[in-house]
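Trainee: Below is a structure I'd like to ask you about.
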Amino acid sequence: MTISDDNSSNLIAIAKKTRLAALKLAVLPTEAKNQAIEAIAQALETGKNEILQANVADCQAAATQGIAKPLYKRLQLDEHKLRDAIAGVRDVGKLADPVGAVQIHRELDTGLILKRITCPLGVLGVIFEARPEAAIQIAALAIKSGNGVILKGGKEAIRSCEAIVKAIKQGLSQTAVHPDVVQLLTTREETIELLNLDKYVDLIIPRGSNSFVRFVQENTRIPVLGHADGICHLYVDKAADIDKAVTITVDAKIQYPAACNAIETLLVHGDIAATFLPKVAEALQAQNVELRGDERSREILQNITPVIEKDWETEYSDLILAIKIVDSLEEAIAHINDYGSKHTDAIVTEDAEAAKTFLALVNAAGVYHNCSTRFADGFRYGFGAEVGISTQQMPPRGPVGLEGLVTYKYQLTGDGHVVATYTGVNAKSFNHKDYV
């Protein structure tokens, strides 16, 4: 796709303004940032009706265009969701400031002092499909961590995002944080150009479908933080409490099936399958969940759809669940590590050793014992909110809050010290004394 020179220069100008505002934000005291966050919360409350009306218009337009059901669910922003998002903003304000923490304080030699201090990344580029409340969460986290942010919502959420960012900027205009620290892009062409701004943008965070995230990863030189799939598993062990397992399974599937932390595959130990599967199937089918099973599970649940190989690697984001019977904990772990997306996987068991093995050997950002995978969320973890969930092996991993939006720098202070003093025949030794 070709980007016009006018569009390119305009986006560069936006990015420069964002970086300048971010540089000023980076040195503001915690109190000033917290005041800005509270101002955002108040502005969102004041603009509530405008935001909700904009979302209704987005939803109506999306329905007319035949938007997919999971994406429509993410697009909807009702009063309850907005209230929770505003509460999340205030929770971010209560968190410890991640900027300026001294991680290392070391005397290399008398008068030669080394510090490693946390600092903002700079400018974040966050691209997301639907889910307009993401703009609220991300803006709050960016400001608390001292970063500028360029937001790009999906075309289906354009009215909602414009109303939200309008409120955020109005709130910031009354504070020490310049409104330019938060920007909104609205066109696909700007998305493509944003991915090329490695001179001005320090991290790209994509939130959306598998294909969307992969597109971003393959079309930028900027570091990308995100996950391409949310293929989550629940394994019901032979030592599981049956009633507990039914409750957890139902919650993990139907509480919000469009979420990336909803389960897509249910693994059941063969020793309890005949007892457990009829009970869980009844509970799930009462919630209109379509069940797809392997040959062994269909001998117990005879009216369910046969599973195919593709089901094991599909993120349905819908009321569909694949079922497989396994003969051991090891087989369950192997299946998860083969087909999982390293997002969140859980075991239900009363066997402490089995749980310990599962938690140690399943390769995922979140591994749970006797609880729903739906807990994989920055708000529920006490992060206030999250900019996204990372399934990469290197940190940050899992729900990414403030700690994932800062880096660090080494500061060295001396008094005429030179390296020559510490080399050669009469080299002086370093102290390497850490301050407590």
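The values are calculated or read from the model by the stated rules, or taken from the named source; none is laboratory data. From a predicted model like this one, the values you see are computed outputs, not experimental measurements. All Cβ positions, glycine included, derive from the backbone under ideal geometry; neighbour counts span all protein chains shown.
Trainee: Going through segment 388-436 one residue at a time, which ones are in the same structural domain as S209 (by TED's automatic domain parsing) and in a loop (DSSP other than H, G, I, E, B)?
Mentor: T391, Q392, Q393, M394, P395, P396, R397, G401 - these are the residues of segment 388-436 that are in the same structural domain as S209 (by TED's automatic domain parsing) and in a loop (DSSP other than H, G, I, E, B).
Trainee: I need the helices (runs of 4 or more DSSP H) fully contained in segment 48-162, keeping only those with at least 2 residues that are within 22 Å of I389 (Cα to Cα) and either in contact (Cβ under 8 Å) with a residue 12 or more places away in the chain or among the small types (G, A, S) (or both).
Mentor: Once the helices (runs of 4 or more DSSP H) in segment 48-162 are filtered for at least 2 residues that are within 22 Å of I389 (Cα to Cα) and either in contact (Cβ under 8 Å) with a residue 12 or more places away in the chain or among the small types (G, A, S) (or both), what remains is 69-75, 79-94, 133-144.
Trainee: Does V177 count as among the hydrophobic types (A, V, I, L, M, F, W, C), touching a residue at least 60 places away in the same chain (Cβ under 8 Å) and outside any loop (DSSP other than H, G, I, E, B)?
Mentor: no
Trainee: Checking the condition modelled with pLDDT under 95, assigned by TED's automatic domain parsing to the domain that holds K33 and buried (at least 20 other Cβ atoms within 10 Å of the Cβ), which residue from E133, E218 passes? Walk me through it before giving the result.
Mentor: Numbers: E218 fails: buried (at least 20 other Cβ atoms within 10 Å of the Cβ).
Answer to the selection: E133.
Trainee: Taking the condition of being over 13 Å from V236 (Cα atoms) and touching a strand residue (DSSP E or B) at 6+ places or on another chain (Cβ under 7 Å), how many residues in segment 272-284 meet it?
Mentor: Of the residues in segment 272-284, 2 are over 13 Å from V236 (Cα atoms) and touching a strand residue (DSSP E or B) at 6+ places or on another chain (Cβ under 7 Å).
Trainee: OK, next. Mind checking which residues of segment 370-387 are closer than 27 Å to L95 by Cβ and either out of contact with any helix residue (DSSP H, G or I) (no Cβ under 6 Å at 6 or more places or on another chain) or outside any loop (DSSP other than H, G, I, E, B) (or both)?
Mentor: If the condition is that a residue be closer than 27 Å to L95 by Cβ and either out of contact with any helix residue (DSSP H, G or I) (no Cβ under 6 Å at 6 or more places or on another chain) or outside any loop (DSSP other than H, G, I, E, B) (or both), then C371, T373, R374, F375, A376, D377, G378, R380, Y381, G382, F383, E386 are the ones that fit.
Trainee: Moving to a separate point now. What do you reckon, is T421 under 20 Å from K115 (Cβ atoms) and at pLDDT 95 or above?
Mentor: Numbers: under 20 Å from K115 (Cβ atoms): no; at pLDDT 95 or above: yes.
Against the criterion (under 20 Å from K115 (Cβ atoms) and at pLDDT 95 or above), T421 does not qualify.
Trainee: Going through segment 101-116 one residue at a time, which ones are basic (K, R) and within 28 Å of the chain's Cα centre (by Cα)?
Mentor: To start, the set of residues in segment 101-116 that are basic (K, R) comprises 106, 115-116.
Listed by number, the list holds a single entry, R116.
Trainee: Right, another one. Taking I37 as meeting all but one of (1) at pLDDT 95 or above; (2) part of a helix (DSSP H, G or I); (3) surrounded by fewer than 21 Cβ atoms within 10 Å (Cβ to Cβ); (4) among the hydrophobic types (A, V, I, L, M, F, W, C), write down the number of the exception.
Mentor: Single failed check for I37: (3).
Trainee: For segment 315-340, what are the residues that are surrounded by fewer than 23 Cβ atoms within 10 Å (Cβ to Cβ) and in a loop (DSSP other than H, G, I, E, B)?
Mentor: The answer is E315, Y316, S317, D318, L319, D327, S328.
Trainee: Collect the residues in segment 299-358 that are modelled with pLDDT of 95 or more, of a type in the set (S, T, N, Q) and within 20 Å of T247 (Cα to Cα), keeping them in residue-number order.
Mentor: T344, T349
Trainee: While we're looking at this one, here's another question. So which strands (runs of 3 or more DSSP E) are wholly in segment 195-284 and hold at least 1 residues that are within 19 Å of L121 (Cβ to Cβ), out of contact with any Asp or Glu (no Cβ under 9 Å at 6 or more places or on another chain) and touching a residue at least 60 places away in the same chain (Cβ under 8 Å)? It would help to see each step written out before you state the result.
Mentor: Numbers: elements: 203-207, 232-236, 263-269.
Answer list for segment 195-284: 203-207.
Trainee: Quick one: how many residues across segment 425-436 are under 30 Å from S145 (Cα atoms) and surrounded by fewer than 10 Cβ atoms within 10 Å (Cβ to Cβ)?
Mentor: Residues flagged as under 30 Å from S145 (Cα atoms) and surrounded by fewer than 10 Cβ atoms within 10 Å (Cβ to Cβ) within segment 425-436 amount to 1.
Trainee: Where residues in segment 382-424 are closer than 21 Å to V213 by Cβ and aliphatic (A, V, I, L, M), which of them is surrounded by the fewest Cβ atoms within 10 Å (Cβ to Cβ)?
Mentor: Here the residue is M394.
Trainee: Something else: What single numbered condition from (1) exposed (fewer than 14 other Cβ atoms within 10 Å of the Cβ); (2) in contact with a Lys or Arg (Cβ under 7 Å, 6 or more places away or on another chain) fails to hold for I308?
Mentor: Only one criterion is unmet by I308, namely (2).
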